[in-house]
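The structure appears below as structure tokens.
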Number of protein chains: 2
Amino acid sequence: MQLGDRVSTIAWNGYRHLETYYAVSGIGAVLHTINPRLHPEQLAYIINHADDQYVFVDLTFLPLIEAVHTHCPRVRAFVLMCERAQMPAASKVPNLLCYEEVIAGKNTDCDWPQFDENSACSLCYTSGTTGNPKGVLYSHRSTVLHAYGSALPNAMDVSSHDVVLPVVPMFHVNAWGLPYSVLLCGAKFVFPGPALDGKSLFELFESEKVTFSAGVPTVWLGLITYAKQNDLKFSHFRRTVIGGSACPPAMMQTLIDDFGVEVVHGWGMTEMSPLGTAGGLLAKHMDLPVAEQRKILQKQGHAVFDVDMKIVDDEGRELPWDGKSYGHLMVRGPWIAAGYFRGEGGEVLQDGWFPTGDVATIDEDAYMQITDRSKDVIKSGGEWIGTIDLENIAMAHPKVAQAACIGMRHPKWDERPLLVVVKKPGVELSKEEILQFYEGKIAKWWTPDDVVFIEAIPLGATGKVLKTKIRETLKDYQFPS
Amino acid sequence: MQLGDRVSTIAWNGYRHLETYYAVSGIGAVLHTINPRLHPEQLAYIINHADDQYVFVDLTFLPLIEAVHTHCPRVRAFVLMCERAQMPAASKVPNLLCYEEVIAGKNTDCDWPQFDENSACSLCYTSGTTGNPKGVLYSHRSTVLHAYGSALPNAMDVSSHDVVLPVVPMFHVNAWGLPYSVLLCGAKFVFPGPALDGKSLFELFESEKVTFSAGVPTVWLGLITYAKQNDLKFSHFRRTVIGGSACPPAMMQTLIDDFGVEVVHGWGMTEMSPLGTAGGLLAKHMDLPVAEQRKILQKQGHAVFDVDMKIVDDEGRELPWDGKSYGHLMVRGPWIAAGYFRGEGGEVLQDGWFPTGDVATIDEDAYMQITDRSKDVIKSGGEWIGTIDLENIAMAHPKVAQAACIGMRHPKWDERPLLVVVKKPGVELSKEEILQFYEGKIAKWWTPDDVVFIEAIPLGATGKVLKTKIRETLKDYQFPS
């Protein structure tokens, strides 16, 4: 092994995964966390692209490795993260090692090597919706700075007396830095392993007295539904950071009002380590009515020190911070990537700024709010319509389980919004009823032109709505004339 | 002005002082904060030693400048931090400028210069009890890292909705980094100026809805006394960090139980920027009885990430973390000085570690507790007696206002503890009564051999007990035989 060699993991959130985080980066190798939900072809592609020397694999994912190992001939060994007794009697994979056997009897005193703080520490591939995944390298320096920034009271806010259960996977942008920030703060870590259903999570929250968790909105749905159905309350859970996509206002309200859990909006992306902003009030907001405070908490929040933000128009001209002007969100800072691993995708920065691909407003108090993805924003008659607001309104309808909004070709306006809705089980819901629900909540010309009901919204490997898939399914759709 | 030129301040905690912090360091100059309580001779010494180009002075301290300006011929100008209308009609100081006049009409858009992160940012002189003060330089890098570390939930724990009133002076180790950490967190700052008496502080806490403050124990005495005498409670004050010297258990109890203010012990020193450790519980302590929790909070706490600690004996051998072994406390980390400005005092580090001059224990859970200063520890018959425990017990006696313990020559034991006590006004208190108070609280041979009552404990410029002064006053003292 050489300084900078890659070692990958395909694993759930567990203590052996955490050990691997520190062991691999600690010897100067690069921890490459792989999303097990990737298509086997993509999985083999990134193992080879990263040139992984060793691959550490949870027992659950042995079939995945058996399917791809012949396509990854340069991997020196696959290490199964289990006890000797759990090892399979036979396997198609010849170079298979046992984790506990590999580390047994080794010296536990480690003289950590000294090397440049700008050395690579870990590697994540973005789940690109088009083309092959691209790798983002993090350095020891950027990881430590991000750990400090994300541990701050306005972001994760974890103290030594907290008990943290990361719901966000450790294969997904380093679980938003929690493996670093939680240990930095001295808190207790609790790992859910593969059991992420509402019942398992709730029981673990209670038995381990969990005070803090973080994850994407879709994961909270299961937990909230289970707790509501069984009329359960959390005894210790006090705060959660929600990111990945915006937390629907209805979910925020449930968590705060019904469960007494403080909800903090986080925003970021793989290229940002990932944390960019975090929600929170200012001193001057503390005496506002709750409804006003909620509006502020619904925004993505303030840039975490030392992230800089700006919004620009299509020509790159900076737009004002007035809470109304929206433009392409650009960021820069010590934990923001300047490009992709092996130069894939070419030059990325624009004048030193990273284009996030999000459309946002920034208000007078420096609160940023995402209004859309640049590629999802609907351009109707030369004006922009943000789809997130439209989706949040639909999601607040009591008969709607999930909703997505996409721009569809329109003969007159170029594009117009089409609402795609999954009804709650067993309810009757008409197009007219849901469209009426928009009245008075939004400018009339923003209202979707039509509604299509579907069985399920397609989600990507990290729980994000795949609008490309929806567009594919509806490629023959035409607005009623 | 050149990159690295020094600019000094002699000022209270005020907004112009904060502006100077950012303006001076922001242009690449070095902010040198001067303690106005220094003897004029020492003040002139450090202005000359630092080679300050400009000195920014609060109106209050004009007499100080009039007394020393002729001894500081290299200062280009003294800038009075006031409005034009407040400027004196005449002054002995020829090169006197007005702050508001200097900045009036200037461009408020600033292109911050780019320079190496290891460039010097600020400079503090230690108030050495012997010899001339020695300067400690902080770099931009060390200041940013310290700001992150000290802003963490286990340390200052300041969020964007907090209102922070720094009681610790901005001329004292950068007010423990608050001018950086509070702005980094986006909280509101409230400045007390020179009004640090109990009444003024209490009124400012209430009118500005202050939630967080930090300072040395002696300052809290005035505030607590005023609030108690007038039967007042704080409406918003929720947390304070106390450092400089250990917070007496009785004061901690009053703040927590009577006022509902969370008390966090901080420990550090000028050479450490200053924060080294902060108190706090672990998850496993949350169900302990309150009295047990208090004992843990009474310790100086855990090293803030990324400070390393160890304790060593007189020969430099590392001692175990068992909560009992005590030795010289050594530290290292990115915001710990490697030496003094202009090389004063020569080589300081021992094998890369900075000797703090404190004697401490570290327990199995990595909690550090100061038992004494290396120079104050009493060596009785070859064994060490820590004076802080002895002082805390005396301070807990209801008739004692203040207490200090010093080692005095003893014909048989080399040194034995002598307790020096200031009685509360109007009470009767005998030596026997206070010595009996130690029974059952401490090993018998630790009990002081004698008690001396004095009128006042001498305090240094930063509020610390000057044991050297006490020893001087009592130099002819002899233990009763």
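Computed from backbone phi, the HN-Hα couplings of region A:436-444 come to 4, 4, 6, 4, x, 9, 6, 4, 4 Hz, rounded to whole numbers (Karplus: 6.51 cos²θ - 1.76 cosθ + 1.60, θ = phi - 60°; Gly and Pro given as x).
Note on B:Glu318: accessible area approximately 120 square angstrom, rounded to 10, probe 1.4 Å, nucleic acids and ligands left out.
For region A:282-350, the square roots of the Cα gyration tensor eigenvalues, ordered a ≥ b ≥ c, give a/c of at least 1.5 with a/b greater than b/c, which places it in the prolate category.
Shape descriptor for region B:363-481: Rg over Rh equals 0.96 (Cα atoms; Rh from the Kirkwood inverse mean 1/r).
Put simply, when A:68-77, B:193-202 are sorted by average Cβ atoms within 10 angstrom per residue, most first, you get B:193-202, A:68-77. Roughly speaking, to the nearest percent, how much of chain B's 1.4 Å accessible area is carbon and sulfur? That share works out to 52 percent.
What's the local net charge at B:Pro133, with K and R +1, D and E -1, over the other residues with C-beta under 15 Å away?
0
Between the amide H of B:Ala29 and those of B:Gly4, distances stay under 5 Å, these residues lying 5 or more places away or on another chain, with hydrogens modeled in the peptide plane. Loop-located GluC sites (Glu not before Pro) in region A:338-375 (DSSP state other than H, G, I, E, B) with a sparse environment of at most 13 neighbouring Cβ atoms within 10 Å: A:Glu347, A:Glu364. Rolling a 1.4 Å probe across the protein heavy atoms gives the protein assembly as shown an accessible surface of 44 Å² per residue. Shielding by partners for peptide B:4-17, expressed as the average number of C-beta atoms from other protein chains within 10 Å of each residue's C-beta, is 0.
The 1.4 Å probe gives accessible areas that order A:His32, A:His140, largest first, as A:His140, A:His32.
Per residue of chain B, the DSSP helices (runs of n ≥ 4 H) give a summed -39500 (n - 2.57) that works out to -6500 deg cm²/dmol at 222 nm.
The base-10 log of I(q)/I(0) for chain B, evaluated at q = 0.07, 0.14 Å⁻¹, reads -0.38, -1.53 [Debye formula, identical scatterers on Cα atoms, solvent excluded]. Please give the residues from region B:176-193 for which the solvent-accessible area of heavy atoms, probe 1.4 Å, is smaller by at least 20 Å² with all protein chains in place than with the chain isolated. At a threshold of 20 Å² (probe 1.4 Å), the residues of region B:176-193 that become less exposed are B:Leu184. Interface between chains A and B: roughly 2300 Å² of accessible area buried, both sides summed (probe 1.4 Å, protein heavy atoms only).
Which shape class applies to region A:67-159: rounded if a/c is under 1.5, otherwise prolate when a/b exceeds b/c and oblate if not, where a ≥ b ≥ c are the square roots of the Cα gyration tensor eigenvalues? Oblate, since a/c reaches 1.5 and b/c is not below a/b. Taking Cα atoms only, the orientation of helix B:198-207 departs from the longest principal axis of chain B by about 60 degrees. If one takes the longest principal axis of the Cα atoms in chain A, at what angle in degrees, from 0 to 90 and to the nearest 10, does the Cα axis of helix A:15-26 lie? Roughly 70 degrees, rounded to the nearest 10. Each Lys and Arg adds +1 at its Cβ and each Asp and Glu adds -1 at its Cβ; summed about the Cα centre, the protein assembly as shown shows a dipole of about 440 debye. Report the Cα centroid-to-centroid distance between region A:413-433 and region A:32-65 in angstrom, as an integer. That distance is 38 Å.
Counting only Cβ charges, +1 for Lys and Arg and -1 for Asp and Glu, the dipole size of region A:1-83 around its Cα centre is about 100 debye. Checking the cross-link pairs B:Lys228/B:Lys299; B:Lys199/B:Lys431; A:Lys299/A:Lys324; B:Lys233/B:Lys441; B:Lys233/B:Lys467; B:Lys324/B:Lys423 against a 23 Å limit on the alpha carbon distance flags B:Lys228/B:Lys299; B:Lys199/B:Lys431; B:Lys233/B:Lys441; B:Lys233/B:Lys467; B:Lys324/B:Lys423 as lying beyond it. Compared with the dominant principal axis of the Cα atoms in chain A, helix A:140-151 is inclined by about 50°. What does DSSP give for the protein assembly as shown in terms of the percent of beta bridges that are antiparallel, rounded to the nearest 5? So the antiparallel bridges in the protein assembly as shown amount to around 55 percent.
Remark on region B:271-310: accessible area falls by at least 50 square angstrom from chain-alone to full-complex state for B:Ala283, B:Phe305, probe 1.4 angstrom.
For region A:240-245, putting each phi into the Karplus relation 6.51 cos²θ - 1.76 cosθ + 1.60 with θ = phi - 60° gives couplings of 9, 9, 10, x, x, 9 Hz, in residue order, rounded to whole numbers and with x for Gly and Pro. Dividing the radius of gyration of the alpha carbons in region B:224-335 by their Kirkwood radius gives 1.03 for Rg/Rh. A:Thr270 exposes around 20 Å² of accessible area when a 1.4 Å probe is run over every protein chain in place. The charge dipole of region B:20-143, taken about the Cα centre with unit charges on the Cβ atoms of Lys, Arg (+1) and Asp, Glu (-1), comes to about 320 debye, rounded to the nearest 20.
Accessible-area loss of 20 Å² or more (1.4 Å probe, protein heavy atoms, chain alone versus all protein chains) is found in region B:145-171 for B:Leu145, B:Tyr148, B:Leu152, B:Pro153, B:Asn154, B:Ser159, B:Ser160, B:His161. Within the full protein context, the accessible area of B:Leu275 is estimated at about 20 Å² for a probe radius of 1.4 Å. Couplings 3J(HN,Hα) of region A:250-265, computed from phi: 5, 5, 4, 4, 4, 4, 6, 7, 8, 10, x, 9, 5, 10, 10, 6 Hz, in residue order, whole Hz [Karplus 6.51 cos²θ - 1.76 cosθ + 1.60, θ = phi - 60°; x for Gly and Pro].
How would region A:119-266 be classified by its alpha-carbon gyration tensor: rounded, prolate or oblate, with rounded meaning a/c under 1.5 and the a/b versus b/c comparison settling the rest? Prolate, because a/c is 1.5 or more and a/b exceeds b/c.
Here's how it looks for A:Val452: its modeled amide H is under 5 Å from those of A:Leu419, A:Val420, A:Val421, which are all 5 or more places away or on a different chain. Let's test this: bin the Cα-Cα distances of the protein assembly as shown at 20 Å from zero up to the farthest pair and state each bin's percent. Spelled out per bin, shortest first, that is 12, 40, 34, 13, 2, 0. When you work out D = kT/(6 pi eta Rh) for region A:310-408 at 20 °C and 1.002 mPa s, using the Kirkwood radius from C-alpha pairs as Rh and the Stokes-Einstein form, the result is 142 µm²/s.
The values are calculated or read from the model by the stated rules, or taken from the named source; none is laboratory data. Just so we're clear, the structure is a prediction, and the values are computed from it rather than from any experiment. Note that we place each Cβ from the backbone using ideal geometry, even for glycine, and neighbour counts take in every protein chain shown. Accessible surface is based on the protein model in full, side chains and every heavy atom, while ligands, DNA and RNA are left aside. Shrake-Rupley method; radii C 1.70, N 1.55, O 1.52, S 1.80 Å.
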